[in-house]
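The structure under discussion appears below in the form of structure tokens.
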Amino acid sequence: MNSKVVFAFVVVLVIGLAFAAWRPAEAGTMTSSSDYKVLEPIRHGSLTVFPVVAAKSYNTGEFLTLDEGLRSGEVLVTESGGLRPLMRRRMHPVPVDGAQVNRLVLVNNSKRPLILLAGEIVTGGKQDRVIGKDRIVPAESDPIDLSVFCVEPGRWVATSGKFGSIGALAMVSPKVRAKAMVDKDQAKVWSEVRNSQAAMGGLVPAPAAREVAETSSYARVMQNSEVQKKVDSVAEPIRRDYESLIKQLRDRNAVGVVVAMNGQIIWADIFASTNLLEKYWPKLIRSYAAEAVVTRAEGAEVSRKAAQDFLADMEGKRETVESEPGIYRHTQITGDEFKVFELTSLLPKTGFDVHIAKMVE
């Protein structure tokens with residue numbers, strides 16, 4: 001073979017191998033379950049939470065939470081039909097008829113993308129509602145239809161034109177959350193709300209129990225002072241201990257928890273950063289505690305290894321993917337007696353999982 005041809009072939013081969021080995025830097029990559037480590041648990045009564053740290057963390061500073069947006073007024077939530085469909089940003093909303101139980105309209109006037117988590121409560125309108133699935137709403141959005149479930153079955157009279165938040169109380173318990181996320185069935189959500197209210201009513205003194213029985217609002221039940229005392233008796237010790245731990249573990253990327261009740265693992269919530277975890281932690285711990293206070297503790301304990309194994313098993317038999325190109329991807333994974341929900345940001349300079357929820361069925 002001609003020496004020049006051989007030389008040319010070698011040069012092409014070397015260049016080809018170099019390109020094969022090289023990969024462009026990506027804005028973000030999905031974290032695998034092996035990147036998470038479960039730490040020693042924090043226990044109180046029937047509730048146990050295992051702190052989770054991650055091998056990597058992502059910059060989530062640009063994201064806005066629903067509570068932040070509602071407080072600032074940059075996020076507007078109203079009944080379906082409460083805004084003209086083609087209303088643009090900063091125009092005055094024009095009320096029209098058309099309210100529906102399972103639909104709300106949301107406008108994000110902020111310059112930051114908005115995160116919505118399944119289970120978050122918005123209060124007001126004709127009925128209080130709970131967000132049905134995780135999603136991301138782009139900055140300065142036009143009005144979007146929001147899939148929701150009612151958590152106040154006894155009212156269909158407007159208390160206000162807009163919806164607000166009740167802050168740290170604005171997340172339903174895991175059982176109610178699961179009915180919205182998995183079953184996607186309004187009747188089952190209402191049934192679980194009533195079960196939760198009845199259980200809470202049985203824990204508080206007679207005057208408070210009457211108040212609980214007389215309201216159909218999940219949010220108002222959770223705002224009852226006697227109910228709050230019960231929930232805080234479980235939530236506050238764990239909240240304080242974990243917030244202290246988060247400060248110690250900031251350089252180790254504390255990003256979430258595995259949750260167990262009465263000796264059984266039931267849930268996990270994992271975020272892309274410690275910053276996001278800190279924002280959601282006060283409402284998450286109260287949602288776990290709201291279920292724990294009506295769960296009798298029998299002394300059973302879950303091991304750290306069991307929690308690690310639960311978090312490591314994210315592979316399923318079936319995946320369902322919904323996507324808004326360039327904004328987010330929502331993946332539901334069905335496995336053996338569990339479901340995983342992954343919210344992945346597709347916005348520029350992201351490409352990572354913003355939130356992962358795993359539940360036992």
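Can you name the strands (runs of 3 or more DSSP E) wholly within region 258-356 that have at least 1 residues being free of Cβ contacts under 8 Å to residues at least 60 places away in the same chain? Break it down into steps so the answer makes sense when it comes.
Numbers: elements: 264-271, 318-324, 328-335, 338-345.
Passing ranges, in order: 318-324, 328-335, 338-345.
For region 259-275, give me the residue count where each residue is farther than 23 Å from Leu116 by Cβ and among the hydrophobic types (A, V, I, L, M, F, W, C). Walk me through how you get there before you give the answer.
Just the residues of region 259-275 that are farther than 23 Å from Leu116 by Cβ, to begin with: 260-265.
Applying the additional criterion that residues be among the hydrophobic types (A, V, I, L, M, F, W, C) yields 260-261, 265.
Adding up the residues that qualify gives 3.
Is it the case, given these coordinates, that Asp251 is acidic (Asp, Glu) and either farther than 23 Å from Lys175 by Cβ or crowded, with 17+ Cβ neighbours inside 10 Å (or both)?
Details: acidic (Asp, Glu): yes; either farther than 23 Å from Lys175 by Cβ or crowded, with 17+ Cβ neighbours inside 10 Å (or both): yes.
Spelling it out, Asp251 is indeed acidic (Asp, Glu) and either farther than 23 Å from Lys175 by Cβ or crowded, with 17+ Cβ neighbours inside 10 Å (or both).
Out of Ser273, Ser323, report the one residue that is buried (at least 20 other Cβ atoms within 10 Å of the Cβ) and among the small types (Gly, Ala, Ser). Walk me through how you get there before you give the answer.
Values: Ser323 fails: buried (at least 20 other Cβ atoms within 10 Å of the Cβ).
Step by step, each of Ser273, Ser323 is checked, and only Ser273 is buried (at least 20 other Cβ atoms within 10 Å of the Cβ) and among the small types (Gly, Ala, Ser).
Rundown of residues vs (1) at pLDDT 90 or above; (2) within 21 Å of Lys126 (Cα to Cα), yes/no style:
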| residue | (1), (2) |
| --- | --- |
| Ile166 | no, yes |
| Leu169 | no, yes |
| Val172 | yes, yes |
| Ala178 | yes, no |
| Arg194 | yes, yes |
| Ser216 | no, yes |
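The values are calculated or read from the model by the stated rules, or taken from the named source; none is laboratory data. Here the structure is a predicted model, which is why all the values come from computation and not from measurement. Glycine gets a Cβ as well: all are built from the backbone with ideal geometry, and neighbour counts include every protein chain shown.
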